[in-house]
Amino acid sequence: MQWLYCDFHIHTTWSDGVFSPVEVVKLYGEAGFDVIAITDHVLDTASIERSGRPVSELSVMDSSRFDAYQESLWTAARNAWETYGMLLIPGVELTNNTSRYHILALDIKQNISPDLTVEEIVDNIRRQQGISVACHPFIRNHSGDDPSYYLWKNHERFATLFDAWEVANRDDLFNVVGLKKFNYIANSDFHEERHLLSWKTLLRCEKNPESVKAAIRDNDRVSLFLYRGGNIKA
C-alpha cells in the first residue's frame, strides 16, 4: 500500500466553482494528486424559493440534471486515470441552508435530495454504498460563518452517524473535531485556484474506490498535510 494524496471537496462550473471538471483534473493531476472528489452544490428547495430566482440563475447544480452531471464526471474520471493515474470519485455537496447542514455524498449513483433530514440523507448515502462527510462543522475562522451549525449543535447524536467529519477545511482547523476523536478527513473546499493551497488528506491504501472508501471508514491510516504548491510527487 502507498500513501495517497487526496482532496474530497471540490467545486466546478456545475455549481459555484470557476473551473470545469476537465480543468480541475488538469490542475490536480499536474500537482501530483492521487485521489480527488468533485462535489458540486445541490441546494434545498426552501432556499431556492426564498431566493425568488430560478435554480438556473443560482450557483448550484440543478438536481434535474443529476444524470448529465454524473456523465460529465465519469468522462473527467476516465481522463484523470488515463492521463495522470489519478482517481476521480463523483460526489455532491448536499447543501441545506434552511436547516443549516452541508453533507458530502461521495461515490453515489442516484440523486439525493438535500430537503431530507440528516439521518435520511446519510441512510440514503449508505444504501448506495457511498461515503458521508460532515462539512466544515464548526465556525469558519476566515469568515465567521457556520453553515453546518445544525451538525455541530447535535454532534453527540451524529458522532458516529457520518463516515467522517472535516477536521480541516481550506485554511480552517477544527480542533473540536479532533478533541472528540471523530473519524476525520481534511479538504480544500476548492472553488478557485488559490484554494488549492490548503489542508488535504493522506490515506494509506490501494488506489481504487473501494479501498479509498474503506480507508475513510476505518480511519486508522489517515493523516493531514498542508499543500503549498508544486508537484507533490517530484
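Would you tally the residues in the range 129-185 being of a type in the set (Lys, Arg), in contact with a strand residue (DSSP E or B) (Cβ under 9 Å, 6 or more places away or on another chain) and at pLDDT 95 or above?
Here the count works out to 2.
Regarding the range 95-108, can at least one residue be identified that is in a helix (DSSP H, G or I) and charged (D, E, K, R)?
no
From 179, 151, 161, 173, which residue is farther than 19 Å from residue 86 by Cβ and in contact with a Pro (Cβ under 7 Å, 6 or more places away or on another chain)?
151
Conditions: (1) closer than 29 Å to residue 29 by Cα; (2) under 16 Å from the mean Cα position of the chain (by Cα); (3) surrounded by 22 or more Cβ atoms within 10 Å (Cβ to Cβ). Residue 111 meets all but one. Number of the miss?
Among (1) closer than 29 Å to residue 29 by Cα; (2) under 16 Å from the mean Cα position of the chain (by Cα); (3) surrounded by 22 or more Cβ atoms within 10 Å (Cβ to Cβ), the lone unmet condition for residue 111 is (3).
Looking only at helices (runs of 4 or more DSSP H) that fall completely inside the range 140-234, which ones have 2 or more residues that are charged (D, E, K, R) and loosely packed, with under 15 Cβ neighbours inside 10 Å?
Counting at least 2 such residues, we get 155-158, 209-218.
Conditions first: (1) modelled with pLDDT of 95 or more; (2) open to solvent by 30 Å² or more (accessible area, probe 1.4 Å); (3) assigned to a helix (DSSP H, G or I). Residue 29 passes all but one, so which condition is the exception?
(2)
Of all residues being of a type in the set (A, V, I, L, M) and open to solvent by 10 Å² or more (accessible area, probe 1.4 Å) in the range 1-25, which is modelled with the lowest pLDDT? Just the residue, please.
The qualifying residue modelled with the lowest pLDDT is 1.
If we scan the range 116-128, do we find a residue that is touching an Asp or Glu at 6+ places or on another chain (Cβ under 8 Å), open to solvent by less than 10 Å² (accessible area, probe 1.4 Å), at pLDDT 95 or above and not in a helix (DSSP H, G or I)?
no
Looking at this structure, is residue 188 touching a helix residue (DSSP H, G or I) at 6+ places or on another chain (Cβ under 6 Å) and polar (S, T, N, Q)?
yes
Tell me which of these residue 113 doesn't satisfy, since it passes every other one: (1) within 24 Å of residue 49 (Cα to Cα); (2) part of a loop (DSSP other than H, G, I, E, B); (3) touching a Gly at 6+ places or on another chain (Cβ under 7 Å).
Unmet condition: (3).
Checking the conditions here, which among 78, 65 is over 24 Å from residue 6 (Cβ atoms) and either at pLDDT below 95 or in a helix (DSSP H, G or I) (or both)?
65 is the lone residue from the list that is over 24 Å from residue 6 (Cβ atoms) and either at pLDDT below 95 or in a helix (DSSP H, G or I) (or both).
For the range 41-77, what are the residues that are among the acidic types (Asp, Glu) and under 19 Å from residue 209 (Cα atoms)?
Matches in the range 41-77: 71 only.
Please go through (1) in a helix (DSSP H, G or I); (2) within 19 Å of the chain's Cα centre (by Cα); (3) of a type in the set (Val, Ile, Thr) for residue 83 and return the number of the only condition it doesn't satisfy.
In the conditions (1) in a helix (DSSP H, G or I); (2) within 19 Å of the chain's Cα centre (by Cα); (3) of a type in the set (Val, Ile, Thr), residue 83 misses (2) alone.
Quick one: in the range 77-95, which of the residues that are within 19 Å of residue 130 (Cα to Cα) and free of Cβ contacts under 8 Å to residues at least 60 places away in the same chain is surrounded by the fewest Cβ atoms within 10 Å (Cβ to Cβ)?
Going through the qualifying residues, I end up with 77.
Checking residue 167 against (1) over 16 Å from the mean Cα position of the chain (by Cα); (2) of a type in the set (A, V, I, L, M); (3) within 23 Å of residue 203 (Cα to Cα), which single condition isn't satisfied?
(1)
The values are calculated or read from the model by the stated rules, or taken from the named source; none is laboratory data. Just so you know, these numbers come straight off a predicted model, no measurement behind them. So basically every Cβ, Gly included, is an ideal-geometry build from the backbone, and we count neighbours across all protein chains shown. These area figures cover heavy atoms from the full protein model, side chains too; ligands, DNA and RNA do not enter into them. Shrake-Rupley method; radii C 1.70, N 1.55, O 1.52, S 1.80 Å.
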